[in-house]
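Down below is the structure, laid out as structure tokens.
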Amino acid sequence: MFHISPHPELHPVFETLGYALGFGAYKYARRRAGDVLEDRQRWSLIAAAMLGALIGSRVLGVLEQAPRVPITLAQWITPGGGKTIVGGLLGGWIAVEIVKKIEGIRTRTGDLFAIPLCIGIAVGRIGCFLAGLADDTYGKPSGLPWSVDFGDGIARHPVQAYEIVFLAGLALVLRRLAKRPHVPGTLFQTFLTAYLVWRLLIDFLKPQPLLAQLTLIQWACCAGLVAMGIRYVRDRRSAASGLNWNAMTREVPK
């Protein structure tokens, strides 16, 4: 068992660093791959993603805490009032799809965000790990050799560290996939599907309130996976009905 001294004050530091590194990785990916969108369209989608992520993260985060903590106005408006990555990803995705529908944008735009999201979330999870029990992302008690005591004398699953390792592996997979010819949208779909499956499974190791044997975040993951499945089926049907699948394939930048 490992012991750490919790440092909650470091969480916002690593969260901010995660945002900065993720945005930097996005700009790098955009320079390499190019961008078919106009500046106005691109910034409209980025703004939609940020607003949707903020709303989705807060709504799901507050509702997830509701069984243990009464919902108050402060939870909705204060920075530490409850947030969750799953809600942010789903909220941002929904907001972007709405704006694309309004703007008439048919191009798949999420691939450039896939690896940057892995980087940003992984760095943010370092802050979650260092924050200890205060961050409310710790795991259930465990007797494994690599379990961690976050300051209360109980050995727990270091689920934050598990997620960092998972995201690092996912980023490597996405990087290899990006180097090959692929249909636009494949990278983001792979990222979001993999992350939702991961959270659906890893959250069984977290002591969170249950709703019909699953946490609210796990139910949100299920809903997101169903939506991704529907989208995949619709894409394949469109391809089979006459679209040239090879023409949709994005060539890898040299």
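If you plug each phi of segment 118-131 into the Karplus form 6.51 cos²θ - 1.76 cosθ + 1.60 with θ = phi - 60°, what whole-Hz ³J(HN,Hα) values come out, in order, with x for Gly and Pro?
Coupling constants for segment 118-131: 4, 5, x, 5, 4, 5, x, 5, 4, x, 4, 5, 6, 6 Hz.
Quick one: putting +1 on the C-beta of Lys and Arg, -1 on the C-beta of Asp and Glu, what dipole do you get for the chain around its Cα centre, in Debye to the nearest 20? Don't jump to the answer; show the numbers that get you there.
Details: 28 positive and 17 negative charges, 234 e Å.
Dipole about the Cα centre, nearest 20: 1120 debye.
Tell me, Leu177, Leu196 in order of fewest to most beta-carbon neighbours within 10 Å? Present the calculation step by step, with values, prior to reporting the outcome.
Values: Leu177 17, Leu196 24.
Going from sparsest to densest Cβ surroundings: Leu177, Leu196.
Which order do the peptides 52-58, 90-96, 42-48, 208-214 come out in when sorted by mean C-beta neighbours inside 10 angstrom, highest first? Present the calculation step by step, with values, prior to reporting the outcome.
Details: 52-58: 20.6, 90-96: 22.7, 42-48: 16.9, 208-214: 11.9.
For the peptides 52-58, 90-96, 42-48, 208-214, the packing ranking is 90-96, 52-58, 42-48, 208-214.
What value, in deg cm²/dmol to 500, does the helix sum -39500 (n - 2.57) over DSSP H runs of n ≥ 4 give at 222 nm once divided by the residues of the chain? Please list the in-between numbers first.
Working: 8 runs with 157 residues, N = 254.
That comes out to -21000 deg cm²/dmol.
Please report, in debye to the nearest 20, how large the charge dipole of segment 153-244 is about its Cα centre when each Lys and Arg carries +1 at its beta carbon and each Asp and Glu carries -1 there. Working shown, then result.
On the way: 11 positive and 3 negative charges, 71 e Å.
Value, rounded to 20: 340 debye.
Tell me, what HN-Hα J-couplings in whole Hz come from the Karplus equation 6.51 cos²θ - 1.76 cosθ + 1.60 at θ = phi - 60° for each residue of segment 179-186, using x for Gly and Pro?
In residue order, the calculated couplings are 7, 9, x, 8, 6, x, x, 5 Hz.
Among the lysines, which fall within straight-line cross-link reach of Lys140, defined as a Cα-Cα distance under 27 Å, with same-chain neighbours fewer than 8 residues apart omitted?
Of all the lysines, those that pass the test against Lys140 - Cα under 27 Å, at least 8 places apart if same chain - are Lys83, Lys206.
Please list, or write none, the lysines whose alpha carbon is within less than 17 Å of the alpha carbon of Lys179, excluding same-chain residues fewer than 8 places away.
Output for Lys179: Lys254.
Would you order Ser142, Ser5 from fewest to most other beta-carbon atoms within 10 Å of each residue's own beta-carbon?
Details: Ser142 17, Ser5 8.
Arranged by neighbour count, lowest to highest, Ser142, Ser5 become Ser5, Ser142.
Using modelled backbone amide H atoms (1.01 Å from N, in-plane), which distant-in-sequence or interchain residues come within less than 5 Å of Ala155's amide H?
Ser142
Taken together, the values in this text are just the output of simple stated rules run on the coordinates, not laboratory data. Just so you know, these numbers come straight off a predicted model, no measurement behind them. Positions of Cβ are backbone-derived with ideal geometry, glycine not excepted, and every protein chain shown enters the neighbour counts.
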